[in-house]
Amino acid sequence: MNILVTGATGFIASHTIVELQNENHTIIGIDNLCNSSADTLDNIKKITGKDIDFYECDIRDTDKLKDVLSKYKIDCCIHFAGLKAVGESVAKPVEYYDNNIAGTLSLLKVLKEIDCKNIIFSSSATIYGTPAFVPITEECPKGICTNPYGWTKHMIEQILIDTQNANKDMNVVILRYFNPIGAHPSGLIGEKPNGIPNNLMPYITQVACGIREKLFVYGNDYDTPDGTGVRDYIHVVDLARGHVKALAAIEKNCGVDIFNLGTGHGYSVLDVINTFEKVNNIKIPYEIVARRPGDIASCYADPEKAKRVFGWVAQYSLSDMCRDSWNYQHRLF
Ligand code: NAD
Ligand code: UFG
């Protein structure tokens, strides 16, 4: 297939491109490089030996996007482009709604013009808010988001569903990611933390290499086995393979379909620290502090639907995730 990847040089997209190229798909990539670097393209090529047709372009620039894409017959668009920092979205809501929502609307207009009827969208478990139950199935009701970033995902899902409803020959697959960590085992691509990390794993790796003195563990009084927050961490390579498998749902003309991409296992903050220490043989000093506003106790997926419909099951363990995160990130510092 000819696959358009928006946000192509980002963390999850770059791993997905590797897996798509391994299955002989042809990639047309778009990114405005606001949170990534074009060097990633060379590193993808070192892994797969293949080029991608890459264009530096903001998806909100409808005219340029149309110019770039009108020479291709695109079979499917995988839409990763977006801003994703939860805290920043609270401080800059207009920028987040503009980038993520106006960007998606612009993309949808161009996809219609070039007659691309298939789209896979990067959504997030954040749309479940405080989940009504765990493990979370796709039937779990969408909840109240605690930040503008989450609302953009919530709203874009609805925009896509309404668009498909008005265009029954379209197929929309919504993938709700749980907590992606890890990196390609080659160490060539991964996540580059920007500023002070908000997320657990990049913070741990910065403590591991001495940039930060200790990790602050946000609360140990949750209703979880050890009192710390429980999440469904998923290796980014498993997540990437989920996109390749999801193409099968598109090929079966699914209309709208929604899938959780998680492992089904919940690990606490202390589980992650202990596993990281054991696998990498590095001590992670930490201090228990107050809960972080907006955090929930426990969030993990029931990934059974993705297994049943397109045969996807996560393969990597938490130890693999801790090893590969460190293997990539220690080279950055
Ligand atoms: P990332 O920041 O590494 O990748 C996003 C890419 O989109 C970046 O390369 C950025 O430069 C590009 N981009 C942003 N706005 C753009 C625009 N207007 N035009 C063109 N390019 C633009 O983030 P990621 O972790 O790879 O996330 C990919 C997608 O998955 C995002 O939509 C994110 O919200 C979603 N997601 C991520 C997580 C996570 O924890 N990483 C969890 C759930 C969902
Ligand atoms: N945590 C700490 N200390 C830190 C950072 C995190 O104790 O310095 C704890 C949190 O309290 C939470 C767990 O580690 O219990 C995971 O926190 P992350 O910030 O890594 O991840 P979240 O589950 O809060 O959120 C992430 C993304 C969201 C996305 C969500 C689900 O940031 O954008 O996963 O995909 F929506």
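The values are calculated or read from the model by the stated rules, or taken from the named source; none is laboratory data. For clarity, every value in this text was computed on a predicted model and none was experimentally measured. All Cβ positions, even for glycine, are placed from backbone atoms using ideal geometry, and neighbour counts span all protein chains on display. The area values use the complete protein model at the heavy-atom level, side chains included, leaving out ligands, DNA and RNA. Shrake-Rupley method; radii C 1.70, N 1.55, O 1.52, S 1.80 Å.
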> For the pair residue 274 and residue 46, how long in nm is the line joining their label points, each one 7 Å along Cα→Cβ?
Replying inline: 3.6
> Which of the trypsin sites (Lys or Arg not before Pro) found in region 54-155 are loop residues per DSSP with 11 or fewer other Cβ atoms within 10 Å of their Cβ?
Replying inline: 71, 73
>> Please enumerate, by chain and number, the lysines with C-alpha under 26 Å from the C-alpha of residue 64, excluding those fewer than 8 residues away in the same chain.
In response: 45, 50, 73, 84, 92, 109, 112, 117, 153
> What residues have an amide H closer than 5 Å to that of residue 177, excluding those fewer than 5 places away on the same chain, when H is modeled at 1.01 Å from N in the peptide plane?
Replying inline: 123, 124, 125, 261
> Using modelled amide H (1.01 Å from N, peptide plane; none on Pro or chain starts), what sits under 5 Å from the amide H of residue 83, excluding residues fewer than 5 places away?
Replying inline: 100
>> Rounded, prolate or oblate for region 1-83? Axes are the square roots of the Cα gyration tensor eigenvalues, ordered a ≥ b ≥ c, and the cut-off for rounded is a/c under 1.5.
In response: oblate
> Say R0 is 35 Å: what FRET efficiency, to the nearest 0.05, do residue 92 and residue 330 get from their beta-carbon distance?
Replying inline: 0.70
>> Under 13 Å between alpha carbons, and skipping anything fewer than 8 positions from residue 278 in its own chain: which aspartates and glutamates qualify?
In response: 320
> Taking the Cβ-Cβ separation of residue 307 and residue 192 as r and a Förster radius of 30 Å, what is the calculated FRET efficiency to the nearest 0.05?
Replying inline: 0.45
> Scattering from the C-alpha atoms of region 96-240 alone, worked out with Debye: what is log10 I(q)/I(0) at q = 0.15 1/Å?
Replying inline: -0.99
>> Please list 3J(HN,Hα) in residue order for region 151-165, calculated via the Karplus relation 6.51 cos²θ - 1.76 cosθ + 1.60 where θ = phi - 60°; whole Hz, with x for glycine and proline.
In response: 5, 4, 5, 4, 6, 5, 3, 5, 4, 5, 5, 5, 5, 5, 4
> Expressed as a rounded percentage, what relative contact order does the chain have, with Cα pairs under 8 Å and six or more residues apart?
Replying inline: 19
>> Heavy atoms of the protein only, probe of 1.4 Å, neighbouring chains included. What is the accessible area of residue 310 in Å², nearest 10?
In response: 20
> Label residue 61 and residue 291 with points 7 Å out from Cα along Cα→Cβ: what is the distance between them in nm?
Replying inline: 4.5
> Cα gyration tensor of region 190-303, axes a ≥ b ≥ c as square roots of the eigenvalues: rounded (a/c below 1.5), prolate (a/b > b/c) or oblate?
Replying inline: prolate
>> Can you give me the C-alpha center-to-center distance between region 79-153 and region 279-318, rounded to a whole angstrom?
In response: 20
>> What whole-number volume per residue, in cubic angstrom, does the convex hull of the C-alpha atoms of region 254-302 give?
In response: 120
>> If I model a spin label at residue 115 and residue 212 as a point 7 Å from the Cα along the Cα→Cβ vector, what separation in nanometres do I get?
In response: 5.1
>> Checking the a/c ratio against 1.5 first, then a/b against b/c, what shape does the Cα gyration tensor give for region 71-150?
In response: oblate
> So what are the three principal axis dimensions of region 269-333 from its Cα atoms, in whole Å, longest to shortest?
Replying inline: 42, 32, 21
> How large is ³J(HN,Hα), in whole Hz, for each residue of region 203-220 in order, when computed from phi with the Karplus curve 6.51 cos²θ - 1.76 cosθ + 1.60 and θ = phi - 60°, using x for Gly and Pro?
Replying inline: 5, 4, 5, 6, 5, 4, 9, x, 5, 10, 5, 7, 8, 9, 8, 7, x, 10
>> If exposed means no more than 13 neighbouring beta carbons inside 10 Å and the site is in a DSSP loop, what's the longest run of the chain without any exposed GluC sites (Glu not before Pro)?
In response: 214-333
>> I'd like the FRET efficiency for residue 282 and residue 223, computed as 1/(1 + (r/R0)^6) with the beta carbon distance as r and R0 of 41 Å, rounded to 0.05.
In response: 0.85
>> Probe radius 1.4 Å, ligands and nucleic acids left out: which of 47, 28 has the largest accessible area, and how do the rest follow?
In response: 47, 28
> If the cut-off is a Cα-Cα distance under 18 Å, which lysines reach residue 283, setting aside same-chain residues fewer than 8 apart in sequence?
Replying inline: 214
> Can you list the residues, at least 5 places off or on another chain, whose amide H is less than 5 Å from the amide H of residue 29, using H built in the peptide plane?
Replying inline: 5, 53, 54, 55
> Dividing the convex hull volume of the alpha carbon atoms of the chain by its residue count, what do you get in Å³ per residue?
Replying inline: 122
> Taking the chain as a Gaussian network, where each spring joins two C-alpha atoms under 10 Å apart, which residue of 260, 22, 179 fluctuates the most?
Replying inline: 22
> What fraction of the DSSP beta bridges in the chain is antiparallel, stated in percent and rounded to the nearest 5?
Replying inline: 5
>> Is there a quick way to get the dipole size of region 241-333? I mean about its Cα centre, with the Cβ of Lys and Arg at +1 and of Asp and Glu at -1; what is the value in debye to the nearest 20?
In response: 160
> Using the alpha-carbon centroid of each, what span in Å lies between region 179-213 and region 1-65?
Replying inline: 22
